[in-house]
Ligand code: 13P
């Protein structure tokens, strides 16, 4: 039984100077693969799903499954709503038992973003759940439906936002983007360093797919404590399934099921090793 809060996982990561992977999942097989990697490496982890993905994967089905998987895991697992947009969905996730929610107010003005974040914090408090917010703007979009240009987080904005909200985790925009990077990402470590020195809140890096191992390590050394990975895991599942079909014409359903689990497992494990979260459970 190890469903735990995100804040707790991130404060332990801060003490140990590593990052916790927040892995997007879309079905039971991906949940099983992610948990398998965490248990094998004795790594804490966050299972997450973004609001836009709920069109494919209904929250009322996947949510209770994520919670059950966390409770049955041999390692600490947090269950998180990624990129929450509407208060209705956020409340639904909290009601199911998610231990944290993100409110993505990054499209709004700083003032509106703070107001929205405070509203979500007071809702989450009723469930003893934690809240992540985002300022600046991470490029692309979670499901590729929009191509938003990135806007770097301002240091003063971050200070003001945290002073006003005391949010539990803060996603920063430092040149990172969701989905596949068309060009090599150029992260602004100088801004990250300044934000890290100015606000005492665990920082979150979105758009993990395509960031190099060196850049991940540098981000972790500059205060990133939660790293979101989505596209790379979906791609790993798809590749693993494709490999199975290339090897044989006729595939049994349960081989397909196993290939999906393995695809998720391989990518989650690779990232946990980079993030330094192994043996931290
Ligand atoms: P990627 O799809 O680039 O890994 O981004 C994941 C993410 O940030 C989810 O919020």
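The values are calculated or read from the model by the stated rules, or taken from the named source; none is laboratory data. Because the structure is a prediction, the values reported are computed rather than measured. Cβ sites come from the backbone with ideal geometry, for glycine too, and all protein chains shown count toward neighbours.
A compact table of results
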read-out: Single match in 194, 226 (criterion: within 16 Å of the ligand (Cβ to nearest atom) and either at pLDDT 95 or above or within 22 Å of residue 102 (Cα to Cα) (or both)); value: 226
read-out: Where a residue in the stretch 105-120 is closer than 11 Å to residue 157 by Cβ and its partner, wherever it lies, is in a loop (DSSP other than H, G, I, E, B), with Cβ under 6 Å and at least six apart; value: 113/105
read-out: Candidate set from the stretch 205-222 (those that are surrounded by fewer than 24 Cβ atoms within 10 Å (Cβ to Cβ) and in contact (Cβ under 8 Å) with a residue 60 or more places away in the chain); member that is nearest to the ligand (Cβ to nearest atom); value: 216
read-out: Residue that is in contact with a strand residue (DSSP E or B) (Cβ under 9 Å, 6 or more places away or on another chain) and either exposed (fewer than 15 other Cβ atoms within 10 Å of the Cβ) or not in a helix (DSSP H, G or I) (or both), where the choices are 225, 242; value: 225
read-out: Residue in the stretch 1-21 that is at pLDDT below 95 and more than 16 Å from the ligand (Cβ to nearest atom) present; value: yes
read-out: Residue match in the stretch 140-155 (condition: under 25 Å from residue 268 (Cβ atoms) and assigned to a helix (DSSP H, G or I)); value: no
read-out: Residue list for the stretch 175-212, restricted to those being in a loop (DSSP other than H, G, I, E, B), touching a strand residue (DSSP E or B) at 6+ places or on another chain (Cβ under 9 Å) and more than 24 Å from residue 231 (Cβ to Cβ); value: 199, 201
read-out: Selection status of residue 172, within 16 Å of the chain's Cα centre (by Cα), within 16 Å of the ligand (Cβ to nearest atom) and over 24 Å from residue 210 (Cβ atoms); value: no
read-out: Top-ranked residue in the stretch 87-118 [being more than 16 Å from the ligand (Cβ to nearest atom) and touching a strand residue (DSSP E or B) at 6+ places or on another chain (Cβ under 8 Å); ranked as nearest to residue 48 (Cα to Cα)]; value: 99
